[in-house]
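To start, the structure under review is shown below, and the notes come after it.
The values are calculated or read from the model by the stated rules, or taken from the named source; none is laboratory data. Every value quoted in this text rests on a predicted model; they were computed, and no experiment measured them. The accessibility values were calculated without ligands, DNA or RNA, using every heavy atom of the protein model including side chains. Shrake-Rupley method; radii C 1.70, N 1.55, O 1.52, S 1.80 Å.
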Amino acid sequence: MKKAILYIILTLLLSVSCTRKGPAVYMLRPHEELPNEIASDKTFTKIFLAGTIDMGNSRDWQMEVFDRFSRMDGRYILYNPRQENWDASRPGEMDYQVRWELDHLEEADVIIMYILGTSKSPISLLEMGLHARSGKMHVICEKDFYRYDNVRITCAYYDVPLYDDLDSFLEGVGLQNVE
């Protein structure tokens, strides 16, 4: 019942924001769906938030990105693979998660990959290899990441922009705060 009420409220809020076509940011996670009017609206830039999750044990940088984008001009849908209640023991969950990520990586207009220095991030490195030639990837990699040189050299080889932090990325792609 709670989910149904929240969905109705979200739908109403989204329909109001859709009619004005102004700045808007939405986050989509696995097992969630956007209302059709948002999902089919071509005025949104779709951004996949690839990078460090560490089974939910890392800093929630995805929410930091959401907060920053919420203060900017533009219309964005952020695809966030981090699940709040991840349970790999659920039957089929791993297949669902990996396919969700692969589908949304392909669908995204932009891929922001943020690799935290304290992580191992093997899946992020895999995704970087899969999408390095896509022309839509931007990598943020902290210099204390144990494979920083591999990331740096690969980004240079495939002409993928590399940034030290979120501020450098936002400045590099010309996104400005509204405030």
Exercise for the section: Restricting to the chain, compute how many DSSP beta bridges are antiparallel as a %, nearest 5. Expected result: 5
Exercise for the section: Please work out how many pairs of lysine residues in the chain are eight or more positions apart (or on different chains) and have Cα atoms closer than 26 angstrom. Expected result: 8
Practice task
List every residue whose amide H lies under 5 Å from the amide H of Ala24, counting only residues 5 or more places away in sequence or on a different chain, with H placed 1.01 Å from N in the peptide plane.
Solution key: Gly74, Arg75, Tyr76
Fill in the blank from the handout: Taking Cα atoms only, helix 93-107 is inclined relative to the longest principal axis of the chain by an angle, in degrees rounded to 10, of 90
Exercise for the section: Please turn the phi angles of region 159-169 into ³J(HN,Hα) values with the Karplus equation 6.51 cos²θ - 1.76 cosθ + 1.60 (θ = phi - 60°), one per residue in order, whole Hz, x for glycine and proline. Expected result: 6, 9, x, 10, 10, 7, 7, 4, 4, 4, 4
Fill in the blank from the handout: For the chain, the longest principal axis of the Cα atoms and the Cα long axis of helix 2-20 enclose an angle in degrees, to the nearest 10, of 90
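When ligands, DNA and RNA are left out and all protein chains stay put, how many square angstrom of accessible area per residue does the chain have with a 1.4 Å probe?
Here the residues of the chain average 58 Å² of exposed surface.
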Problem - Crossing angle, helix 61-70 versus the chain [Cα axis fit, 0-90 degrees, rounded to tens] - result: 50
Practice task
Give the long-range amide H neighbours of Tyr163: residues separated by 5 or more places, or on another chain, with amide H under 5 Å away, using H modelled in the peptide plane at 1.01 Å from N.
Solution key: Val139, Ile140, Cys141
Exercise for the section: Could you look at the chain and say what percent of its accessible area is carbon and sulfur, using a 1.4 Å probe and all protein chains? Expected result: 54
